[in-house]
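Visitor: There's a structure below that I have some questions on.
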Amino acid sequence: MTVNALEIKNLKKTYGNSFEALKGISFNVEQGDFIALLGANGAGKSTTIGIICSLVNKTAGQVSVFGHSIDSELEAAKRCIGLVPQEFNFSQFETCHQIIVNQAGYYGLAKKVAIQRTEEVLKLLSLWDKRHERSFDLSGGMKRRLMIARALVHNPRILILDEPTAGVDIEIRRSMWQFLRELNAKGTTIVLTTHYLEEAEQLCRNIAIIKQGEIIENTSMKDLISRLDIETFVLDVDKMPQEFPCINNVCFKKRDESSIEIEVPKEVALNEVFSWLTERGINVLSMRNKSNRLEALFVQLTEEE
Amino acid sequence: MSLFDKQSLIALKSIVSKEISRYFRIWIQTLLPPAITMSLYFVIFGQLIGSRVGMIEGISYMEYITPGIIMMSVITNSYSNVVSSFFSAKFQRSIEEMLVSPVPTLYILMGYVLGGVSRGILTGVIVTLVASQFVEIDIFNWGVLIFVVILTSMLFATAGLVNAVFARKFDDISIVPTFILTPLTYLGGVFYSIKMLPEFWQTVSLANPILYMVNAFRYGFSGISDINIIHALLLIGVFIISLLTLAYYLLAKGIGIRS
C-alpha cells in the first residue's frame, strides 16, 4: 500500500488566549496530489501548515509526512517538506545566493552540492541574475520566487505553499502556475492555500475547505464544481433585447447598456438562449462567467450556518 | 539528523558561518567600536588618571586594568552578538528557516553560542592589540587565560540567547546590557581591586559573578587575583551549565519562537 504524502488525524490547536484555531481536523493527501486548502482569514489554514512544518505546537492529534510522524520522527518528516510561507521570512540583508546556500546547509547538504543546487533553483526561478543582490532590494514578485527557490533547494517530496501569489502581478502569477504544474507533473506533491479561487480551480485536483477550525469539505475539485446548480454568465451584445424573459428556466437580466446576465441551471443547454438572441438579430460578442465557479461554491459553503 | 552525523555537523557549520559573516558584514558596528572605546579607556584611565594612581599589587595601574578592559569587551560583544542576531532572526522571522529544517535544537543553540564566542574572542584579540600599544603584554599563564576567555564568552553568548528568546521588542534586548551587565562589569573589579574597598563592600562584591571572571582572567594575564582561581572557574562552570540547560529547554519548547 502506498503511504500518503500527508496524514492528519484529529488535529487540534488551542492558543494561549483560549482561541480554538483547529477543532480536530482530519484529512489525507495522496502522493503526487495537488490539493488546495481553502478557508476564510482565521479559518485555520496557516495554523495547520504551521503545525505540519513545526512552526506551531499542536495541542492534540497526529500528523505524519510520508509515514514519518512529527512526534517520533520529526527530522525525517521535515526533510520531506518544503515550505513557502505567507510572509517574507528571510534575512533582509543577505544576498539571494547566501540565503539559499545557508538553507541547503541547514538540510545538511555539503558545500559543493549546496552551491550546485543553489544555482539550479535560482536559475529555475529566474533569479540567477539577482544572486548577488540583497533580498531587501528585490521586488515583491522576486521575493516570492526566492522563497520558492529556498523551499526547493533540498528537493522536498511535498511542497506547501501558503498564499504564494499574494500581491504579485498577473504575469508572474501565471508563470508561477506553470512552474507549479510542471513541478507537480514531475511528482512533487503540492499543498496550496490561496485566496485566489481561480488559482485553486486552475491548478488543484483536490480541495479541502476549512471553516472555523473544522474541515467542511474534502473532495475532488471536479466533484465540488459539479455541485454548482446555477451558473451566471455575462454576455456582451451588440444591441439590447426589448424584453428580458425567462426561457426554459434561463432568466435574462440587463446588466448595463451593452451586456446582459443569464442564470443557467446546470441541466439546461445554452442553445436555446443563443437561438432566441439570433432570432432577434442580436449578436453575442463575448461571453464569460460572472464569477469564478469555485468562488460561487466557496461563498455558498462558508456562509452557510 | 542525529547529533553526530555529517549532516548535523554541516548544519552547525552553516549556522556558525552565517553568524560570523553577519558580524563581519557590519564590522563598523561590531568590530570597530570596541577598538575605539577601549583605546579611550587606555588613554583616559590608563595614561592620564593611572599615572596618578600609582602601583596596584606591584604592577602599574595601566597593567592592572588591561585584563579587565579586555574581558569587558569579550563579555559585551559575545552577549550583544547573540542577543541582536537571534532577536533579529525572530523579528524578521528568518529563524523559521532553521525551525522548518531538520537541524537538531542543540545545534541551533551551539551555532548561535559559537558565533557569539567567536566575536567575543575576536574583539578580545583586537583590544589586546590596542592594549599592546600602551603596555607591555607578558602573559602569566596562557592555559588559564584561554580557558577563561572561552568559558566567559560562552556564558555571555548563552545569556544573550536567553535574553533574545524572551525579548518582544528591540528595547528588550538593551535592558539587560544597560541595567545589569554594564553596572556589574564596572563593579566587577575591572578598574580596582576589591581589597581597596571597605570590608562590607568586599563581601557585597563577592556576589557579583563578573568579579570572578575578571579576576580569573587577570590571573592568567598577570598572575594577580582577588579571588581563588579554582572557585572562579567552578562558578563560571556552574553558570554555563545552568544557562545552557535553560537555553536548550527554551528552544526545544519553542518558547518565544513557536506559537
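The values are calculated or read from the model by the stated rules, or taken from the named source; none is laboratory data. Model, not experiment: these values are computed from the prediction. In this analysis, Cβ positions are derived from the backbone assuming ideal geometry, glycine residues included, and neighbour counts consider all displayed protein chains. Quick note on the areas: whole protein, heavy atoms, side chains included, nothing else; ligands and nucleic acids left out. Shrake-Rupley method; radii C 1.70, N 1.55, O 1.52, S 1.80 Å.
Visitor: Roughly how many Å² of A:Ser275 are accessible to a 1.4 Å probe, to the nearest 10?
Guide: 60
Visitor: On to the next question. How high is the relative contact order of chain A, in percent, counting Cα pairs under 8 Å that sit 6 or more residues apart?
Guide: Computed value for chain A: 19 percent relative contact order.
Visitor: First compute the accessible area of chain B with a 1.4 Å probe, then give the percent of it belonging to carbon and sulfur atoms.
Guide: 69
Visitor: Sticking with this one: Please report the carbon-and-sulfur percent of the accessible area for the range A:67-175; probe 1.4 Å, protein heavy atoms only, DNA, RNA and ligands left out.
Guide: Working: 2240 of 4470 Å².
Heavy-atom surface of the range A:67-175 belonging to carbon and sulfur, 1.4 Å probe: 50 percent.
Visitor: What number, in nm² with one decimal, is the all-direction average of the projected area of the convex hull of the alpha-carbon atoms of the range B:193-259?
Guide: 6.0
Visitor: Given the protein chains as shown and a 1.4 Å probe, how many square angstrom of A:Tyr196 are accessible, to the nearest 10?
Guide: Around 80 Å² of this residue is reachable by solvent.
Visitor: So how many Lys-Lys pairs in the range A:230-303 land under 14 Å Cα to Cα, not counting same-chain pairs under 8 apart?
Guide: The number of close lysine pairs in the range A:230-303 is 4.
Visitor: Would you calculate, for chain A, the mean residue ellipticity at 222 nm contributed by helices, counting each DSSP H stretch of 4 or more residues as -39,500 (n - 2.57) and dividing by all residues, to the nearest 500? Show your work: numbers first, answer last.
Guide: Working: 10 runs with 102 residues, N = 305.
Helix contribution divided over all residues of chain A: -10000 deg cm²/dmol.
Visitor: Same structure, new question: Apply the Karplus parameterisation 6.51 cos²θ - 1.76 cosθ + 1.60, with θ equal to phi minus 60°, to every residue of the range A:151-168 and state each ³J(HN,Hα) to the nearest whole Hz, in sequence, with x for glycine and proline.
Guide: The phi angles translate into 5, 9, 4, 9, 6, x, 7, 10, 10, 10, 10, 9, 6, x, 10, 4, x, 9 Hz.
Visitor: Here is a further query. Sequence-distant or interchain residues sharing an amide H contact under 5 Å with A:Ile247, placed H: which?
Guide: Distant-sequence amide H within range of A:Ile247: A:Phe252.
Visitor: Averaged across A:96-108, how many Cβ atoms of other chains sit within 10 Å of each residue's Cβ atom?
Guide: On the way: counts 0, 0, 5, 3, 0, 3, 10, 5, 4, 11, 18, 9, 13.
Average per residue, whole number: 6.
Visitor: Could you state the accessible area per residue of chain B in Å², with a 1.4 Å probe and every protein chain left in place?
Guide: Value for chain B: 44 Å² per residue.
Visitor: Right, here's the next one. Over the range A:47-148, what relative contact order in percent results from Cα pairs under 8 Å that are six or more residues apart?
Guide: Relative contact order here is 24 percent.
Visitor: Here's a follow-up. What list of ³J(HN,Hα) couplings, whole Hz, do you get for the range B:169-181 from phi and the Karplus terms 6.51, -1.76, 1.60, once you set θ to phi - 60° and write x for glycine and proline?
Guide: 9, 4, 4, 5, 8, 9, 5, 5, x, 6, 9, 10, 5
Visitor: Could you order B:Leu161, A:Leu124 by accessible surface area, starting with the largest, using a probe radius of 1.4 Å? Don't jump to the answer; show the numbers that get you there.
Guide: Numbers: B:Leu161 0, A:Leu124 90 Å².
So the residues, ranked largest to smallest area, are A:Leu124, B:Leu161.
Visitor: The range B:143-208: which chymotrypsin sites (Phe, Trp or Tyr not before Pro) are DSSP loop and have at most 12 other beta-carbon atoms within 10 angstrom?
Guide: Passing sites in the range B:143-208 are B:Phe170.
Visitor: Could I ask something else about it? Report, to the nearest 10°, how far helix B:61-91 tilts away from the longest principal axis of the Cα atoms in chain B, using its own Cα long axis and a range of 0 to 90°.
Guide: Around 20 degrees separate the two axes.
Visitor: Something else about it: How big is the B/A interface in buried accessible area, both sides summed, 1.4 Å probe, to the nearest 100 Å²?
Guide: What B and A bury together is about 2500 Å².
Visitor: Convex hull over the Cα atoms of the range B:88-193, averaged projected area in nm²?
Guide: Approximately 8.8 nm², given one-decimal rounding.
Visitor: So if each residue of separation counts as 0.36 nm, and I subtract the Cα-Cα distance between A:Val113 and A:Asp169, what length gain in nm does that give?
Guide: 16.8 nm
Visitor: Still on this structure: Which residues, if any, in the range B:100-135 lose at least 50 square angstrom of accessible heavy-atom surface (probe 1.4 Å) when the other protein chains sit next to their chain rather than the chain being alone?
Guide: Hits at the 50 Å² cut-off: B:Val100, B:Pro102.
Visitor: Go through B:Ser80, A:Ser126, A:Ser175 and list them by solvent-accessible area, largest first, probe radius 1.4 Å.
Guide: Sorted descending by solvent-accessible area, the residues read A:Ser126, A:Ser175, B:Ser80.
Visitor: Same structure again: Are any of the pairs A:Lys130/B:Lys18; A:Lys58/B:Lys13; A:Lys78/B:Lys90 more than 23 Å apart by Cα-Cα distance, and if so, which? All intermediate terms of the calculation are to be shown ahead of the outcome.
Guide: Working: A:Lys130/B:Lys18 20 Å; A:Lys58/B:Lys13 30 Å; A:Lys78/B:Lys90 20 Å.
Cα-Cα > 23 Å for A:Lys58/B:Lys13; rest within.
Visitor: Next up: For A:Glu198, A:Glu30, A:Glu217, what's the largest-to-smallest order of accessible area, 1.4 Å probe?
Guide: The ranking, largest first, comes out as A:Glu30, A:Glu198, A:Glu217.
Visitor: Taking the Cα centroid of the range A:63-123 and of the range A:233-301, what is the distance between the two, rounded to the nearest whole Å?
Guide: Comparing the Cα centres of the range A:63-123 and the range A:233-301, I get a distance of 50 Å.
Visitor: Right, another one. What residues qualify as long-range amide H neighbours of A:Glu163, i.e. H under 5 Å apart, gap of 5 or more or another chain, H built at 1.01 Å from N?
Guide: Result for A:Glu163 returns A:Thr193, A:Thr194.
Visitor: Further, regarding this structure: Could you report the accessible area of A:Trp276 in Å², rounded to 10, computed with a 1.4 Å probe on the protein chains as they sit in the structure?
Guide: Looks like 30 Å² after rounding.
Visitor: Next up: Longest span of chain B, sites excluded, free of trypsin sites (Lys or Arg not before Pro) in DSSP loop with at most 12 other C-beta atoms within 10 Å?
Guide: Maximal segment without exposed cleavage sites: B:1-167.
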